[in-house]
Amino acid sequence: MANAIEISHLTKSYGKARGVIDVSLTVKEGDIFGFLGPNGAGKSTTIRSMLGFLKFAEGSIKILGMDSVKDHEKILENVGYMPSEAWFYSSMKVADVIKYAADMRSLDCSAEAEKLCERLKVDKNKRIKELSLGNRKKVSIVCAMQHKPKLFIFDEPTSGLDPLMQKRFFELINEYVDQGTTCLLSTHVLTEVNKYCRNAAIMREGRLMMLDDPKIDDETFLGFYEDEV
């Protein structure tokens, strides 16, 4: 099975501030990969480097067999990315935001978007400024999924979602993965990793540690956080 993500010795610094140090990571196609760690551990820096949003000092990254620097635009065509903060133009209607995201890819995603909105109970007639955090998250999920990408990269996707919507979100991920998609899930929620992820890694102080088994206990998991304090 081919690799959807290959990161080799990635190093990114912010002057005196911590970045990431010598990170190497492989995610196989068809995996649901849990990416754990406390705030500031380097998860978002790694993700932004993968997507070509940050320039890194050392190392190499391949996404879907393509170089993250040279093939940046092609990679973004095949990735569904959901950042941790769901920012949209507040005066736009939800339907327009979803269509705008599809138009940016020059794709007609209307049928898939309709299915996702129905499953996630998204009100397309409301304006963004009228939505709660959870409902903005749902719009962001639709935007990331509607073009049926080869790779999902989700950064804290379930914060703000009620338990029912969290369940539906993971049902959708499993359905897409069954059709050949790969998923990288960055999260603080251990139960999500234990329940849904097939492989996992933990970021700590800018370094990465692969887990032999994604099913880890609370005491081990909390130890990584306590060491950061």
task = Would you check if Ala200 is part of a helix (DSSP H, G or I), at pLDDT 90 or above and under 24 Å from Glu6 (Cα atoms)?
result = no
Long-range neighbours under 6 Å by Cβ, at least six apart or interchain, first residue more than 11 Å from Ile32 (Cβ to Cβ) within segment 171-192, second part of a strand (DSSP E or B) = Ser186/Phe35; Ser186/Asp155
ask   = Within the group Leu164, Leu76, which residue is farther than 30 Å from Val23 by Cα and surrounded by fewer than 19 Cβ atoms within 10 Å (Cβ to Cβ)?
value = Leu164
note = Pairing a residue in segment 53-75 that is without any contact (Cβ under 8 Å) to a residue 40 or more places away in the chain and in a loop (DSSP other than H, G, I, E, B) with any residue that is surrounded by 18 or more Cβ atoms within 10 Å (Cβ to Cβ) and among the aromatic types (Phe, Trp, Tyr), where Cβ atoms lie under 9 Å and the two sit 6 or more apart in sequence or on different chains, gives Ser68/Phe56; Val69/Phe56
Failed condition for Lys99, given (1) more than 27 Å from Thr191 (Cβ to Cβ); (2) in contact with a Pro (Cβ under 6 Å, 6 or more places away or on another chain) = (2)
inquiry  = Quick check on this structure: which one of Ser8, Ser13 is under 19 Å from Gly65 (Cβ atoms), surrounded by fewer than 20 Cβ atoms within 10 Å (Cβ to Cβ) and in contact (Cβ under 8 Å) with a residue 40 or more places away in the chain?
reply    = Ser8
query = Is it fair to say Asp96 is under 21 Å from Thr182 (Cα atoms), without any contact (Cβ under 8 Å) to a residue 60 or more places away in the chain and surrounded by 13 or more Cβ atoms within 10 Å (Cβ to Cβ)?
reply = no
inquiry  = Would you confirm whether or not segment 86-95 contains a residue that is at pLDDT 95 or above, closer than 20 Å to Phe154 by Cβ and of a type outside the set (Asp, Glu)?
reply    = yes
ask   = Does Phe88 satisfy the criteria of being closer than 19 Å to Ser186 by Cβ, part of a loop (DSSP other than H, G, I, E, B) and without any contact (Cβ under 8 Å) to a residue 60 or more places away in the chain?
value = no
task = Mind listing just one residue for me: the one in segment 130-184 that is in a helix (DSSP H, G or I) and among the hydroxyl-bearing types (Ser, Thr, Tyr) and, of those, farthest from the chain's Cα centre (by Cα)?
result = Tyr176
ask   = If you check Lys129 against the conditions, is it within 18 Å of Met92 (Cβ to Cβ) and out of contact with any Leu (no Cβ under 7 Å at 6 or more places or on another chain)?
value = yes
query = Given the structure, is Lys70 loosely packed, with under 15 Cβ neighbours inside 10 Å and under 30 Å from Tyr14 (Cα atoms)?
reply = yes
request  = Just name the residue that is nearest to Pro163 (Cα to Cα) out of those in segment 91-129 that are acidic (Asp, Glu) and assigned to a helix (DSSP H, G or I).
outcome  = Glu118
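The values are calculated or read from the model by the stated rules, or taken from the named source; none is laboratory data. Values in this document were obtained by computation on a predicted structure and should not be read as measured data. Cβ sites come from the backbone with ideal geometry, for glycine too, and all protein chains shown count toward neighbours.
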